[in-house]
Amino acid sequence: MRVGFVGLGAMGSAMAGVLLKAGHEVIAWNRTPARAQALRERGASVAGSPAEAARAGVVLSMVADDGAILEVAEGKDGIRAGLPSGGVHVSMSTLAPATVGGLVRMHREADQEFVAAPVFGRPEAAAAAKLFVACAGRPEALERVRPLLETMGQRTFNLGEDPEHAALVKLAGNFMISAAIEALGEALALVGKAGVDRRAFLELLTETLFSAPAYRTYGQVLLEGRFSPPGFRLPLGAKDNRLLLEAGERLRVPLPLASLVRDRILAALSRGWGERDWATFARIAAEDAGEGLAAQGRG
């Protein structure tokens, strides 16, 4: 399939690479053109604008935040301008439901389709085509892009026709990951200060009651103190937490645990940890326990 791909950060590059490997014709664009060079060497075409990438008829976008998606979607050089009538824009970013709703309206006014398909998984999962995709959109649009989503992910979950639902599910899922990170940080600080071997503790928990990928992945990150290079940068975690709290306020749903995570993330940012993996905020539990910054990485 001929497909445009807009946004070549760590996740986007890995996802576009998977599509290339599967034999799809990829027309890639990135704000920093140098990032497209590796894909060009693997056979991708490089577009001069998001509009040019969107002329493929189906275009995927994977950008950092709501401001970035509006920048690449709107305007004379944006996705809407280049996407043909009946074309499909698939946003795979984590966005506010309200932003997604605006994109749906914008594309439908231009006789185009919009699918929200945010993903769960870090860059290494993206490179291995092991993402989980949460998608929503009109059935015809979903069916058209299904082969692409299935190529990039190990499983695709259809959440219905309203793309805003997929956006909210992604925020809720990221919130649950952040809660797992906080729980891991507190538990490791507690058992470690008591003299229990953290590695043995983590093995026990992740081999029994807490065998989910979030506990396994982030448990190892915390145990090893492996916060750089980041799989998901702390400021992006802060953005997702803010969008979740905004959704809770709009729907009048109290989210006290999310508020705790917000304060942890802010404390981590104030320490200058913004270029590290977002799991770094769990180190504050070790600080609070009087163990210092290095304690989290001890076995």
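Each value in this text was obtained by applying a stated rule to the coordinates, not by laboratory testing. For clarity, every value in this text was computed on a predicted model and none was experimentally measured. FYI the Cβ positions are ideal-geometry reconstructions off the backbone, even for glycines, and counts take in every protein chain you see.
Worth pointing out:
- Remark: spin-label model distance residue 76-residue 259 equals 4.8 nm, labels positioned 7 Å along the Cα→Cβ axis.
- Taking a straight Cα-Cα cut-off under 14 Å and skipping sequence neighbours fewer than 8 places away in the same chain, the aspartates and glutamates within cross-link reach of residue 193 are 287, 288, 291.
- Relative to one another, the C-alpha centroids of region 119-195 and region 244-284 are positioned 18 Å apart.
- Amide H contacts under 5 Å for residue 28, placed H, 5+ residues apart: 5, 45, 46, 47
- Annotation: lysines with alpha-carbon distance below 24 angstrom to residue 170 (same-chain offsets under eight excluded): 130, 239.
- The calculated FRET efficiency for residue 228 paired with residue 203, based on their beta-carbon distance and R0 = 25 Å, is about 0.55.
- Computed from backbone phi with θ = phi - 60° and the Karplus coefficients 6.51, -1.76 and 1.60, the 3J(HN,Hα) list for region 15-32 is 5, 5, x, 5, 5, 4, 4, 7, x, 6, 8, 9, 10, 9, 9, 9, 4, 9 Hz; x is used for glycine and proline.
- For the chain, the mean residue ellipticity at 222 nm estimated from helices alone is -16000 deg cm²/dmol, where every DSSP H run of n ≥ 4 contributes -39500 (n - 2.57) and the total is divided by all residues, rounded to the nearest 500.
- The chain pair-distance distribution - Cα-Cα, 10 Å bins, rounded %: 6, 27, 32, 21, 10, 2, 0
- Long-range HN-HN contacts of residue 137 with modeled amide H, under 5 Å: 160, 161, 162
- Here the translational diffusion coefficient of region 167-297 follows from Stokes-Einstein with Rh set to the Kirkwood radius across Cα pairs; for 10 °C and 1.306 mPa s it amounts to 106 µm²/s.
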